[in-house]
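The numbers here are math on the coordinates, done by the rules we state, and not lab data. Computed from a predicted model, the values in this text were never measured in an experiment.
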Amino acid sequence: MIYLMTLLNIPFSSDAFKTFNEGLEVMAYGMTTVILVLFMFYIIIKLLIKLFPDREKN
């Protein structure tokens, strides 16, 4: 659908679609960065749990 709209450039100008495509690229970089940061936090927390296991009280 988006490809068809960019092909026809209706009802928006070509500059509007260039801006839209640049925005999609920036949004994809942002989403990738957020996912990678959350994954790194997950890995760090799992590593800390393995390094410092919970000690049972006697």
Mind listing the phi-derived Karplus ³J(HN,Hα) values for the range 21-29, rounded to whole Hz, using 6.51, -1.76 and 1.60 with θ = phi - 60°, and x for any glycine or proline? 5, 5, x, 4, 5, 5, 5, 5, 4
In µm²/s, what is D for the range 10-58 at 20 °C and 1.002 mPa s, where D = kT/(6 pi eta Rh) by Stokes-Einstein and Rh is the Kirkwood radius from Cα pairs? 149 µm²/s
In sequence order, what are the phi-derived ³J(HN,Hα) couplings for the range 44-53 according to the Karplus relation 6.51 cos²θ - 1.76 cosθ + 1.60 with θ = phi - 60°, rounded to whole Hz, with x for glycine and proline? 5, 5, 4, 5, 5, 5, 5, 6, 10, x
For Ile35 and Ile49, calculate 0.36 nm times their separation in residues minus their Cα-Cα distance, and state this gained length in nm to one decimal. 2.9 nm
